[in-house]
Amino acid sequence: MRPVHDIIQRVRAEFVEMPGLQLRAEQLQRLCGIDRIVCDVVLQSLIGERFLWMKSDGQYARLTDGAIPHQQRPTATLGTQRDLLKAS
């Protein structure tokens with residue numbers, strides 16, 4: 001069995017060589033010929049390094065390939081109702 005470090009390097013290389021690559025854990029298992037436990041260790045390691053992130057649909061993608069969705073905070077407008085009417 002290959003050391004986990006080698007598998008992590010292989011997975012990193014796949015994502016670097018194919019910008020925009022998005023895979024589910026099962027797809028990564030087949031691509032690299034690894035079992036579920038090793039796959040989970042590899043994915044968690046790459047997430048911990050902030051190389052990958054898991055999207056809401058369960059796919060893993062490079063952190064630098066797109067913006068991670070975050071909550072937008074509502075902006076408050078301070079002023080009187082008269083100020084608001086002047087602005088319209």
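The values are calculated or read from the model by the stated rules, or taken from the named source; none is laboratory data. Note that the structure is predicted; figures quoted are calculated from it, not measured. Neighbour counts are summed over all protein chains in view; Cβ atoms, including those assigned to glycine, are modelled from backbone coordinates with ideal geometry.
For segment 19-39, the set of residues classified as surrounded by 12 or more Cβ atoms within 10 Å (Cβ to Cβ) and under 17 Å from Ala61 (Cβ atoms) consists of Leu21, Gln22, Leu23, Arg24, Ala25, Gln27, Leu28, Gln29, Leu31, Cys32, Cys39, listed by residue number. Here Gln44 meets each of (1) of a type outside the set (A, V, I, L, M, F, W, C); (2) within 16 Å of the chain's Cα centre (by Cα); (3) at pLDDT below 95 with one exception, condition (3).
Could we say that Gly79 is exposed (fewer than 14 other Cβ atoms within 10 Å of the Cβ), at pLDDT 65 or above and either in a loop (DSSP other than H, G, I, E, B) or within 20 Å of the chain's Cα centre (by Cα) (or both) here? It is false that Gly79 is exposed (fewer than 14 other Cβ atoms within 10 Å of the Cβ), at pLDDT 65 or above and either in a loop (DSSP other than H, G, I, E, B) or within 20 Å of the chain's Cα centre (by Cα) (or both). So for segment 3-14 (the condition being modelled with pLDDT of 95 or more, part of a loop (DSSP other than H, G, I, E, B) and surrounded by 14 or more Cβ atoms within 10 Å (Cβ to Cβ)), does at least one residue qualify? For segment 3-14, residues modelled with pLDDT of 95 or more, part of a loop (DSSP other than H, G, I, E, B) and surrounded by 14 or more Cβ atoms within 10 Å (Cβ to Cβ): absent.
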